[in-house]
Amino acid sequence: MFYLFGVLCPEHLRKQRLTDKKKIESANAVQLMERDKSEDEKHGQQLLNTIFHADFFVRNTKDNINSFRPNLERFVKLILGEAPITPTKEESAMY
């Protein structure tokens, strides 16, 4: 079995993280982000074509992983069938 996790983050925040934390020059950061979206190579990254097939989405807008850890843990528990987990209000509404 395979589960695809889609990690979403606004472009301006991704660029800021690349330039501030990874010390990548601004122009190189933009080039890297563009390449990841749709690489020209046959087996290159195709983020824009792939992200919509994700089974689960995580919004990565905060610097702290603990901000989305509960959602990740909940999904893993659902996958593993650890315990009965009731749908959230949002999930019920989507149904």
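The values are calculated or read from the model by the stated rules, or taken from the named source; none is laboratory data. This structure is a prediction, so every number in the text was calculated from the model and none was measured. Heads up, the Cβs are rebuilt from the backbone with ideal geometry, glycines too, and the neighbour counts pull from every protein chain shown.
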The number of residues in the range 58-69 that are closer than 23 Å to Met1 by Cβ and loosely packed, with under 13 Cβ neighbours inside 10 Å is 1
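Yes or no: Leu8 at pLDDT below 90 and surrounded by 11 or more Cβ atoms within 10 Å (Cβ to Cβ)? Even if it seems obvious, please write down each step before you answer.
Numbers: at pLDDT below 90: no; surrounded by 11 or more Cβ atoms within 10 Å (Cβ to Cβ): yes.
So Leu8 does not fit the description; no.
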